[in-house]
Amino acid sequence: MRRAILLVAFGASSAQGRNALAGFDALVRGRYPGTPVRWAYTSLLLRERMAQARQKSDSVYKAVLRLGLERFEAVAVQPLQTIPGEEHEEVCAAARDAACQCGLACQVGVPLLAGADDVRATALALVRHLPEDRAPGEDVVFMGHGARHEAVSRYEDLAAAVRQLDDRVHVGAMNGAATLETILPALVSRRVWLMPLLSVVGRHALEDMAGEKGHSWRSRIEAGGHQCLPVLKGTAEYAGVAEIWLRHLEGAVQSLAAGGGMR
């Protein structure tokens with residue numbers, strides 16, 4: 001069976017973000033030598049910018065169709081998403097529709113926080129990648145994107161799992177989960193470390209998290225009398241987090257080998 005791997009990301013607007021995706025690409029190619037690896041992006045705006053720059057910029061639907069036209073028989077799709085929310089549902093639907101149209105066997109891997117075991121593994125990975133210069137007892141705040149979807153509860157599950165490992169580490173999100181307003185009263189240290197719970201460093205990390213405008217998490221933490229120290233490193237750059245996505249990809253690959261997948 002002629003098989004390919006399709007990796008899916010929102011996209012990356014910064015050089016660091018693009019390098020993070022390239023690093024994950026290298027990990028996948030190292031695990032599956034000889035298997036073609038392609039990319040698709042869910043952000044229409046970023047796809048348009050990439051097209052203007054004459055860079056390959058397929059949507060999930062177009063990427064799966066392209067694989068069918070190239071006579072591939074099966075594709076394992078792995079999104080670099082945090083929760084099984086609306087964006088993940090859209091990826092699954094697009095992959096399913098395209099695979100049905102071209103007769104391609106297709107299996108989509110689950111996101112980072114797919115289940116309870118993943119939540120515990122992610123909590124361990126986050127704690128292991130805390131800043132080396134952090135002093136004992138200093139607060140650390142992770143900012144995720146969030147969602148208006150029931151799966152947003154995974155952020156709260158992750159926050160609880162992280163607190164069991166380190167009660168000075170807080171997990172919140174911009175939308176629909178524990179917000180910064182709920183975290184601010186719990187911050188007690190003079191210095192507060194601020195880190196993205198986002199796969200790559202892009203606009204949200206640079207502006208909404210670490211930006212200098214009043215709406216940013218950094219500005220609001222500093223307004224509370226703290227010194228805020230942003231760490232601009234996406235979760236795809238954490239070996240422990242990347243390993244979870246790789247494990248989910250392996251599940252999709254094995255399902256295809258066993259004859260599973262949607263057509």
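Using a 1.4 Å probe over the heavy atoms of the protein chains, calculate the carbon and sulfur portion of the accessible area of segment 76-175 as a whole percent.
44
Convex hull over the Cα atoms of segment 192-263, averaged projected area in nm²?
Dividing the Cα hull surface by four gives the mean projection, 6.6 nm².
How big is the Kirkwood radius of the chain, worked out from every pair of different alpha carbons and given in Å to one decimal?
Across the chain, the inverse of the average 1/r is 19.0 Å.
I'd like to compare 25-33, 187-195: which one has the highest average count of other Cβ atoms within 10 Å, and what's the full order after that?
For the peptides 25-33, 187-195, the packing ranking is 187-195, 25-33.
What's the angle, to the nearest 10 degrees (0 to 90), between helix 153-165's Cα axis and the longest principal axis of the chain?
Helix 153-165 and the main axis of the chain meet at about 60 degrees.
Less than 30 Å apart at the alpha-carbon level, and either on another chain or at least 8 residues along: which lysines does that give for LYS213?
Those lysines meeting the cut-off are LYS233.
At what distance in angstrom do the alpha carbon centres of segment 158-229 and segment 32-88 lie from each other?
First find each Cα centre; the distance between them is then 31 Å.
On average over all directions, what projected area in square nanometres does segment 21-101 have, based on the convex hull of its Cα atoms?
Over all viewing directions, segment 21-101 projects a mean Cα-hull area of 6.1 nm².
Report the gain in length on full extension from ALA257 to ASP97: 0.36 nm times residue separation, minus Cα-Cα distance, nm rounded to one decimal.
That pair, ALA257 and ASP97, stretches by 55.5 nm at full extension.
What percentages, rounded to whole numbers, describe P(r) for segment 47-140 computed over all alpha carbon pairs with 5 Å bin width beginning at zero?
Once binned at 5 Å, the Cα pair distances of segment 47-140 give 2, 12, 16, 15, 14, 13, 10, 8, 5, 3, 2, 0.
Which one, LEU67, SER199, SER255, projects farthest toward the positive side of the charge dipole computed for the chain from Cβ point charges (K/R +1, D/E -1)?
After comparing all options, I get LEU67.
Treat every Asp and Glu Cβ in segment 1-119 as -1 and every Lys and Arg Cβ as +1, leave all other atoms uncharged, and give the resulting dipole magnitude about the Cα centre to the nearest 20 debye.
With only Lys, Arg, Asp and Glu charged at Cβ, the dipole is about 680 debye.
Charges only on Cβ, +1 for Lys and Arg, -1 for Asp and Glu: so what's the dipole of the chain about the Cα centre, in debye to the nearest 20?
880
Can you run phi through the Karplus equation (6.51, -1.76, 1.60; θ = phi - 60°) for segment 15-30 and list ³J(HN,Hα) in whole Hz, with x for Gly and Pro?
3J(HN,Hα) across segment 15-30, in whole Hz: 4, 5, x, 5, 5, 5, 5, 5, x, 5, 4, 5, 4, 5, 5, x.
Assigning unit charges at the beta carbon (Lys, Arg +1; Asp, Glu -1) and nothing else, what dipole magnitude in debye, to the nearest 20, does segment 166-249 show about its Cα centre?
Roughly 120 debye, rounded to the nearest 20.
Taking amide H positions as placed 1.01 Å from N in the peptide plane, with prolines and chain starts having none, which residues 5 or more places from GLN81, or on another chain, fall under 5 Å of its amide H?
LEU112
Quick one: angle between helix 239-257 and the longest Cα principal axis of the chain, in degrees between 0 and 90, rounded to 10, please.
Taking Cα atoms only, the helix is inclined about 20 degrees.
At a threshold of 8 angstrom on Cα-Cα distance, excluding pairs fewer than six apart, so keeping six or more, what relative contact order does segment 177-224 reach in percent?
26
Quick one: work out Rg over Rh on the C-alpha atoms of segment 140-240, Rh as Kirkwood radius.
When Rh is taken as the Kirkwood radius, the ratio is 0.93.
Please identify, among ALA123, ALA159, ALA53, the residue showing maximal mean-square fluctuation in a Gaussian network model of the chain using a 10 angstrom Cα cutoff.
Comparing ALA123, ALA159, ALA53 in a Gaussian network model of the chain, the most mobile one is ALA53.
Considering amide H positions built from the backbone, and no H for Pro or chain starts, which residues 5 or more places from ASN175, or on another chain, come under 5 Å of its amide H?
Answer set, sorted by chain and number: GLY146, ALA147.
Which aspartates and glutamates, on any chain, are close to LYS56 with Cα under 12 Å apart, when same-chain ones fewer than 8 places away are left out?
GLU48
Give the peptides 201-208, 111-118, 129-136 in descending order of average Cβ contacts within 10 Å, highest first.
Packing proxy ranking, top to bottom: 201-208, 111-118, 129-136.
In the P(r) worked out for segment 129-173, what percent of Cα pairs fall beyond 12 Å?
Here the tail beyond 12 Å accounts for 62 percent of pairs.
The values are calculated or read from the model by the stated rules, or taken from the named source; none is laboratory data. For clarity, every value in this text was computed on a predicted model and none was experimentally measured. Heads up, the Cβs are rebuilt from the backbone with ideal geometry, glycines too, and the neighbour counts pull from every protein chain shown. Just the protein is used for accessible areas: all its heavy atoms, side chains included, with ligands, DNA and RNA removed. Shrake-Rupley method; radii C 1.70, N 1.55, O 1.52, S 1.80 Å.
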